[in-house]
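Below: the structure, in structure tokens.
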Amino acid sequence: MGENPLTLLFRRYAGRKKTAMSENKKNPIDYNAAIDVRARGQSSYRIFPSDSFDDLSRCMEELGSKDLRVCVVTDSNVEKLYLDDVKNVLEGSCARLTSFTIPAGEQHKTLDEIRRLYTHLIGQEFDRRDLLVALGGGVTGDMTGFAAATYLRGIRFVQIPTTLLSQVDSSIGGKTGVDFDSYKNMVGAFHQPSMVYLNVNTLQTLDETQFASGMGEVLKHGLIRDASYYEWCLDHMGEIEERQPDLLKEMVVRSILIKRAIVQKDPLEKGERALLNFGHTVGHAIEKLMDFRLAHGACVNLGIIAASYISWKRGNIPEEIFYEIRDMSVAFGLPISYDSLRVDEILETMKKDKKRIGETTRMILLKRLGSSYIDETVTDDEIRSALQFLRYEG
Ligand code: GLY
């Protein structure tokens, strides 16, 4: 395997026969249609895919915003890009509009910032009927959702995700929370949004690192659930990297449909939803050790390669599929190796993770391409060899 991954990648890419996504021909997907999320025991909501903020006021008014106070929560990066646009759209659609800015970055995903937000809401006299709006990426969405879950024992909130990661993953399914003492998402609650409004054009302003980070979660959805979606992403890597608007919308909506199918069946992660944690056991440990300097999706991708390596060594997937998973990450700007960490420190950090069960580690493995399962028998030796592979050969 001495060949440069990029050479391999381009050779395979050039020779690929494009695959059609497995779609129901009688009921083709309308990529502009609202998507309903209905999970048993949870409040249901709609996801509106869009190319602008033009329909936002109509969607908010459907939630009764005209008579309510609305607070748009954003971060210091997204504030500069989209806060004015969103406020202009919402100005006539609510009784009082206010905004609150969190400093950008995972290091601010803390209870201290939530406390500042509570103070703002109390100062603005927000009551039980009023609404929060999360405008931004995963950190903003998780924090706003957590404030909404806890303020006055729970108020409603709306997600307006502006990153690829938050559009395909974190804005859907009601996981909210903050980090605590560098433990990611250690304090949180399940609290479903009342609506998700996504303007796919916001993906055009993402830097390469953020876009790649979202691609980590996109590829994850294909790998765990839908081989044809994964293959489609590989076949369209050129157009995806160019961020062709229609293609991005198709990619985002397909990804959302995969996530919706999982969270509808298992909203509170009692079982199957854990499949969405593919790549996260190793990924979270790397993310923590890197002090959150490496983007979440990039860390998850390293975890995906590690879990795929174990899946290959257990005979679940063939060698060439494993190497394809590794090599294709390069095309999407995702890392395939790390060099500044030691294998043992990653393993030690994983052992402190919430997903540890006794002496073995709970990991999501591939059964085959597009199908995954929860495994509670992965040994330290298996993880060590995967981490060693990533360090020395990845
Ligand atoms: N991001 C994983 C989940 O929503 O369960």
Query raised in the report: How many of the residues making up segment 384-394 are modelled with pLDDT of 95 or more and open to solvent by 20 Å² or more (accessible area, probe 1.4 Å)?
Result: 3
Query raised in the report: If you check Leu219 against the conditions, is it over 14 Å from the mean Cα position of the chain (by Cα), within 16 Å of the ligand (Cβ to nearest atom) and in a helix (DSSP H, G or I)?
Result: no
Query raised in the report: Residue check: is Ile346 part of a loop (DSSP other than H, G, I, E, B), open to solvent by less than 30 Å² (accessible area, probe 1.4 Å) and farther than 21 Å from Leu165 by Cβ?
Result: no
Query raised in the report: Is it the case that some residue within segment 369-383 is at pLDDT below 95 and buried (at least 23 other Cβ atoms within 10 Å of the Cβ)?
Result: no
Query raised in the report: Here are Val196, Val187, Val218: which of them is among the β-branched types (Val, Ile, Thr), within 15 Å of Lys259 (Cβ to Cβ), in contact with a helix residue (DSSP H, G or I) (Cβ under 8 Å, 6 or more places away or on another chain) and at pLDDT 95 or above?
Result: Val218
Report task. Residue by residue through segment 257-290, note down the ones that are farther than 18 Å from Arg384 by Cβ, more than 13 Å from the ligand (Cβ to nearest atom), out of contact with any Lys or Arg (no Cβ under 8 Å at 6 or more places or on another chain) and in contact (Cβ under 8 Å) with a residue 60 or more places away in the chain. Result -> Leu257
**Report entry** Positions within segment 160-176 being open to solvent by less than 10 Å² (accessible area, probe 1.4 Å) and either among the hydroxyl-bearing types (Ser, Thr, Tyr) or away from the ligand (no atom under 11 Å from the Cβ) (or both), in sequence order
**Finding:** Ile160, Pro161, Thr162, Leu164, Ser166, Gln167, Ser171
Query raised in the report: Somewhere in segment 243-251, is a residue within 16 Å of the ligand (Cβ to nearest atom) and within 27 Å of Phe190 (Cα to Cα)?
Result: no
**Report entry** Enumeration of residues in segment 222-244 that are open to solvent by less than 20 Å² (accessible area, probe 1.4 Å) and over 20 Å from the mean Cα position of the chain (by Cα)
**Finding:** Asp235
Report summary line: Expected output for segment 239-256 (first residue over 11 Å from Met215 (Cβ atoms), partner aromatic (Phe, Trp, Tyr) and open to solvent by 20 Å² or more (accessible area, probe 1.4 Å), Cβ below 7 Å, 6+ apart or cross-chain) is Lys249/Tyr31; Glu250/Tyr31; Val253/Tyr31
Report task. Could you please let me know if Ser308 is more than 16 Å from the ligand (Cβ to nearest atom) and open to solvent by less than 30 Å² (accessible area, probe 1.4 Å)? Result -> yes
Query raised in the report: So which residues in segment 277-297 are part of a helix (DSSP H, G or I), within 16 Å of Gly214 (Cβ to Cβ) and open to solvent by 10 Å² or more (accessible area, probe 1.4 Å), if there are any at all?
Result: His280, His296
**Report entry** One residue from Lys109, Lys87 being under 25 Å from Phe292 (Cα atoms) and at pLDDT 95 or above
**Finding:** Lys109
Query raised in the report: If you check every pair at least six apart or on different chains, which have Cβ atoms under 6 Å apart with a residue in segment 326-342 that is over 20 Å from Leu223 (Cβ atoms) first and a residue that is open to solvent by 20 Å² or more (accessible area, probe 1.4 Å) second?
Result: Leu341/Leu289
Requested in this report: Looking at (1) more than 16 Å from the ligand (Cβ to nearest atom); (2) part of a helix (DSSP H, G or I); (3) closer than 23 Å to Val133 by Cβ, find the lone condition where Gly214 falls short.
Outcome: (1)
Query raised in the report: Does segment 69-85 include one or more residues that are in a loop (DSSP other than H, G, I, E, B) and touching an Asp or Glu at 6+ places or on another chain (Cβ under 9 Å)?
Result: no
Report summary line: Among Leu131, Leu111, the single one that is open to solvent by 30 Å² or more (accessible area, probe 1.4 Å), away from the ligand (no atom under 16 Å from the Cβ), in contact (Cβ under 8 Å) with a residue 60 or more places away in the chain and among the aliphatic types (A, V, I, L, M) is Leu111
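The values are calculated or read from the model by the stated rules, or taken from the named source; none is laboratory data. If you're wondering where the values come from, they're calculated on a predicted model, not measured in any experiment. For neighbour counting, all protein chains shown are included, and Cβ atoms are generated from backbone atoms with ideal geometry for every residue, glycine included. Accessible surface areas use protein heavy atoms only, side chains included; no ligands, DNA or RNA. Shrake-Rupley method; radii C 1.70, N 1.55, O 1.52, S 1.80 Å.
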